[in-house]
Amino acid sequence: MKLDHQDRVLKGLGCISPLLTDSNNCNIIGHPAGLERGIPAQQLLSTYHPLNWATLSYYSSFSFPSNSVLHPPNMPRPLVVDVHTHVYPPSYMAMLRARKTVPYIHDPASGEPRLIILSSDDDPSIPIDERGRPVDTSYSDISAKLSFMQQHGIDCSVISLANPWLDFLDPVEAQRWAERINNDLHETCAKNNKSTDPDNTLPLQGRSTLFAFATLPLSAPSADIIVNEIKRLKTLPYIRGVIMGTSGLGNGLDDEQLGPVWAALEETQFLLFLHPHYGLPHEAFGGAEVTKRYGHVLPLALGFPLETTIAVTRMLLSRVFDKFPRLQILLAHSGGTLPFLAGRIESCIMHERKFVENGGGVPGPQRSIWDVLKTNIFLDAVVYGTAGLKAAVAAGGGTDRLMFGTDHPFFPPLNEGEKEWISVTTNYKAIDATFQEEKEAVAAVLGGNAARILKLE
């Protein structure tokens, strides 16, 4: 099958976008790039019900396919809010370029710069010009972000600094850099929003709107510095929460020293976007050679989700949610494996409580994991399949705690010149297939929940 990009104008929000059809204008369900290692996208998506689109619009800002649950006939196009989308501000990029240890950016004599953010990427046996991943302007140029949003029908994005955030900084530098990065993020949002809606009168839908999750100076010498930054962030109108990794202050999220930080987040009712970075030790995958053999697949596909699950379980076991019952957390990648393992975690806790009653020394949490999932936890929909989405909905007790995300600018198109990101369209298809005719659920997941939870309207 030969695929052609055809320049066609579709009327809807004044956007001109290409449609993707085959040479005979036949229905297309897959993606021309297929998957890495040559697996066709059609094979991946064979579990989804056929949408029978006359053309595959990839949900650009002109409209959703008219016969898809994502855009029911005679209904307005649903609002789309991306809560999982990253940036590296230019100041952060410059700081990484000045470094020689992980994380850092290496500029080869030819070709794109290389971003080395994982210790496994900095293997001396790998030529330095080939380490890490290529990093183009989509990582730092906000115009590239806006173009991506328009291409994929995204009305609003809540941008956040990508990992590893500021965890690696010297304590003396952490506060200064946090303020600088957060001010940069806020000013970027303010400048964009003012240019698209100078009178602040338009609704979210129909304009590219930016908000942000701020970063925290977690390596600062005092928790008071972190708390003060959280309080300062509350004065910045486009900041809607903070992003944090699983290391916390360096000892994990069950660290008692994080108490003042949890209290400040609870007091301000800032949403905490919890995102993995550190993964699992190489030994979990069979050793460093095994990890290296398969590239980023094991660390990203397995290490990241398990890292998130372990971090939240440690918070639960240390009674963080008992002590701070109004703490609100958004978990990346649909909570990792937490929705699948919640029942097993709760069962083990119940037996451990019995152990404590019989003389053991480990006090367990008072609240169940199910209560925490339905009260304190939100999940993004970056899971790429129906099984994960269904588990996320079941764990959270409904669709009102699930929010759409893209993980941009990571996982770009697989072939040069492509504009549609299979990482995004796969998530759209998963939502469509998961909720079938539940129009209200689709609208909630795509943007309604985020607008309500983050007070974006």
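The values are calculated or read from the model by the stated rules, or taken from the named source; none is laboratory data. These numbers come from a predicted model, not from an experiment. FYI the Cβ positions are ideal-geometry reconstructions off the backbone, even for glycines, and counts take in every protein chain you see.
Observations
- When Ile349 is tested against the conditions (1) in a loop (DSSP other than H, G, I, E, B); (2) modelled with pLDDT under 95; (3) buried (at least 16 other Cβ atoms within 10 Å of the Cβ); (4) not basic (Lys, Arg), the lone failure is (1).
- Comparison of Phe340, Phe355 shows that the only residue that is of a type in the set (A, V, I, L, M, F, W, C), at pLDDT below 90 and out of contact with any Gly (no Cβ under 8 Å at 6 or more places or on another chain) is Phe355.
- Considered as a group, the residues in the range 281-303 that are surrounded by fewer than 22 Cβ atoms within 10 Å (Cβ to Cβ) and touching a His at 6+ places or on another chain (Cβ under 8 Å) include one that is farthest from Arg131 (Cα to Cα), and that residue is Val290.
- Checking each residue in the range 112-131 for being crowded, with 19+ Cβ neighbours inside 10 Å and closer than 19 Å to Tyr92 by Cα picks out Arg114, Leu115, Ile116, Ile117, Leu118.
- Exclusive hit being touching a residue at least 40 places away in the same chain (Cβ under 8 Å), of a type in the set (Val, Ile, Thr) and out of contact with any strand residue (DSSP E or B) (no Cβ under 8 Å at 6 or more places or on another chain), set Ile243, Ile239, Ile225: Ile225
- In the set (1) buried (at least 16 other Cβ atoms within 10 Å of the Cβ); (2) not hydroxyl-bearing (Ser, Thr, Tyr); (3) not in a strand (DSSP E or B), Phe378 fails one condition alone, (3).
- Ser318 of a type in the set (S, T, N, Q), surrounded by fewer than 23 Cβ atoms within 10 Å (Cβ to Cβ), under 27 Å from Pro339 (Cβ atoms) and modelled with pLDDT of 95 or more: no
- Every listed requirement among (1) under 19 Å from Phe410 (Cα atoms); (2) outside the structural domain of Pro217 (by TED's automatic domain parsing) is met by Cys156 save one, (2).
- Any chance Leu330 is buried (at least 19 other Cβ atoms within 10 Å of the Cβ), of a type in the set (A, V, I, L, M, F, W, C), in contact (Cβ under 8 Å) with a residue 40 or more places away in the chain and not in a helix (DSSP H, G or I): yes
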